[in-house]
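Below: one structure, written as structure tokens.
The values are calculated or read from the model by the stated rules, or taken from the named source; none is laboratory data. What you see is a predicted model, and the numbers here were worked out from it, not measured in a lab. For neighbour counting, all protein chains shown are included, and Cβ atoms are generated from backbone atoms with ideal geometry for every residue, glycine included.
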Amino acid sequence: MTSLWVPGSDSVGDANERVKTVFAKYGLAMYEAAVLEVELVHAFALHKIIDAKGAAKLIADPWHTGYKKKLVELISHVEGQSPSDPDLVDDLTECRKRRNRLAHSYWREHDLRFASPSGQTEMIRNLDADVEFIQGVRARLSAVVQEPAHRELGFTQDMFDAEFRRLYGEAGGE
């Protein structure tokens with residue numbers, strides 16, 4: 001396997017490495033956007049479970065319901081849950097815009113840039129920025145919405161670790 005090309009690096013001058021890096025960074029950005037969407041579904045589901053706690057009948061499969069919702073609906077659900085991070089909803093909306101651009105128009109918008117080494121370098125830097133932004137918003141979503149819900153439901157990190165080991169074994173799916 002070859003290493004990824006690093007902008008400004010003189011060690012790898014091969015254009016193929018730069019092209020592979022653009023595709024790898026694009027894939028990572030799309031992956032991060034998809035993981036954010038799954039985490040929004042989980043936040044939605046946890047909130048539904050907490051709302052139903054103590055009810056005579058727990059709602060049926062809130063995760064399944066969440067996956068049917070549009071990303072914009074899931075983001076709106078976070079409103080009011082994040083008073084300690086008032087910019088979270090706006091940043092989730094920005095993540096949605098970046099995800100939609102990546103999924104629907106990225107290659108059309110960047111076709112000429114992709115044809116040149118300097119354009120490829122610019123694409124790599126911009127994709128790195130997308131990944132960094134989405135990862136940061138995911139961390140904030142977890143801290144502001146998911147972790148408090150986990151605590152309210154009595155989930156601990158030890159419980160998550162044990163379930164991870166049960167699902168993936170001691171090797172952790174490495």
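Screening 109, 152, 147, 94 for residues that are of a type in the set (D, E, K, R), over 22 Å from residue 74 (Cβ atoms) and out of contact with any strand residue (DSSP E or B) (no Cβ under 9 Å at 6 or more places or on another chain) leaves exactly one candidate, 109.
Residue-by-condition table, conditions (1) surrounded by 18 or more Cβ atoms within 10 Å (Cβ to Cβ); (2) part of a helix (DSSP H, G or I); (3) modelled with pLDDT of 70 or more; (4) out of contact with any Leu (no Cβ under 8 Å at 6 or more places or on another chain):
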position	(1), (2), (3), (4)
5	yes, no, no, yes
10	no, no, no, yes
43	yes, yes, yes, no
50	no, yes, no, no
58	no, no, no, yes
76	no, yes, yes, yes
80	no, no, yes, yes
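Restricting attention to segment 120-164, the residues being in a helix (DSSP H, G or I), of a type in the set (Gly, Ala, Ser) and exposed (fewer than 14 other Cβ atoms within 10 Å of the Cβ) number 4.
Could you tell me whether any residue of segment 101-109 is surrounded by fewer than 10 Cβ atoms within 10 Å (Cβ to Cβ) and among the charged types (D, E, K, R)? Within segment 101-109 (the criterion being surrounded by fewer than 10 Cβ atoms within 10 Å (Cβ to Cβ) and among the charged types (D, E, K, R)), the answer is yes, since at least one residue qualifies.
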